[in-house]
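What follows is a set of notes on a single structure, which appears directly below.
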Amino acid sequence: EAGVVQSPRYKIIEKKQPVAFWCNPISGHNTLYWYRQNLGQGPELLIRYENEEAVDDSQLPKDRFSAERLKGVDSTLKIQPAELGDSAVYLCASSLGGPVMATQYFGPGTRLLVL
Amino acid sequence: DQQVKQNSPSLSVQEGRISILNCDYTNSMFDYFLWYKKYPAEGPTFLISISSIKDKNEDGRFTVFLNKSAKHLSLHIVPSQPGDSAVYFCAASGSGSNYQLIWGAGTKLIIKP
């Protein structure tokens, strides 16, 4: 069974530039999560989708971050414009069913460096 | 305000011995706890979980203990093997976090040969 796929794996951009990350979850998983992980910290949830619907985006900085999950499968996360403080690893995860006691499977992440 | 704390950034253990990783939490509404393992350049991988109705859950070499009164859980690995060298994250969820997973900062476990 294929795992969660993310691309690109690494991205270096200059501040104020836009950047986008892509995620393909495990087949059949209706719940998709985007996390941000800063160095030396645990992941922090940015947004959670149940199928096409964003059911928890309370921690997504909506002034510069946006996400979509068309057709309830793949998802993209965009930052525009990027700031120096956005440098982090962006992790995508998926699960079968909602977050309550559902094991989340993670992709390898996209490491973003903003210069 | 860190709701889930892993106070040891790193831990070094001799191969074959027991590794004990600790985690403390502050939110009494948490009722489900998980441990994830992470290798460099990979995403976290689920290891073991425990519900608040239990105080122990075992899976092979891995055992998680939950002390609700102390708001403390621990992960025991015995015997420790070189492949166990990784960063271990404790995470918690419950109605108090809208069922979001709240993560600790991780403990880097190094198994010495």
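The values are calculated or read from the model by the stated rules, or taken from the named source; none is laboratory data. Quick caveat, the model's predicted, so the values are computed rather than measured. Cβ atoms come from the backbone with ideal geometry, glycine included; neighbour counts cover every protein chain shown. SASA here: full protein model, heavy atoms, side chains in, ligands and nucleic acids out. Shrake-Rupley method; radii C 1.70, N 1.55, O 1.52, S 1.80 Å.
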Quiz prompt | Hits in segment B:75-113 - residues which are open to solvent by less than 10 Å² (accessible area, probe 1.4 Å), over 20 Å from A:GLN104 (Cα atoms) and either within 14 Å of chain A (Cβ to nearest Cβ) or among the polar types (S, T, N, Q) (or both) | solution = B:SER80
Quiz item: Can you tell which of A:SER7, A:SER94, A:SER66, A:SER58 is within 12 Å of chain B (Cβ to nearest Cβ) and more than 26 Å from B:GLN2 (Cβ to Cβ)?
Solution: A:SER94
Practice problem: Return yes or no: is B:SER93 modelled with pLDDT under 95 and in a strand (DSSP E or B)? | Solution: yes
Quiz item: Can A:ALA20 be described as over 29 Å from B:THR107 (Cβ atoms), more than 10 Å from chain B (Cβ to nearest Cβ), at pLDDT below 95 and part of a strand (DSSP E or B)?
Solution: no
Practice problem: Taking the residues in segment B:8-48 that are open to solvent by 50 Å² or more (accessible area, probe 1.4 Å) and out of contact with any strand residue (DSSP E or B) (no Cβ under 7 Å at 6 or more places or on another chain) as candidates, determine which candidate is farthest from the other protein chains (Cβ to nearest Cβ). | Solution: B:ARG17
Self-check item: Residues that are within 14 Å of another protein chain (Cβ to nearest Cβ), part of a loop (DSSP other than H, G, I, E, B) and closer than 17 Å to A:ALA102 by Cα, drawn from segment A:23-42
Solution: A:PRO25, A:ILE26, A:HIS29
Self-check item: Residue that is surrounded by the most Cβ atoms within 10 Å (Cβ to Cβ), among those in segment A:20-79 that are in contact (Cβ under 8 Å) with a residue 40 or more places away in the chain and among the basic types (Lys, Arg)
Solution: A:ARG48
Self-check item: Enumeration of residues in segment A:78-91 that are hydrophobic (A, V, I, L, M, F, W, C), closer than 19 Å to A:GLY42 by Cα and either more than 14 Å from every other protein chain (Cβ to nearest Cβ) or out of contact with any Lys or Arg (no Cβ under 6 Å at 6 or more places or on another chain) (or both)
Solution: A:LEU91
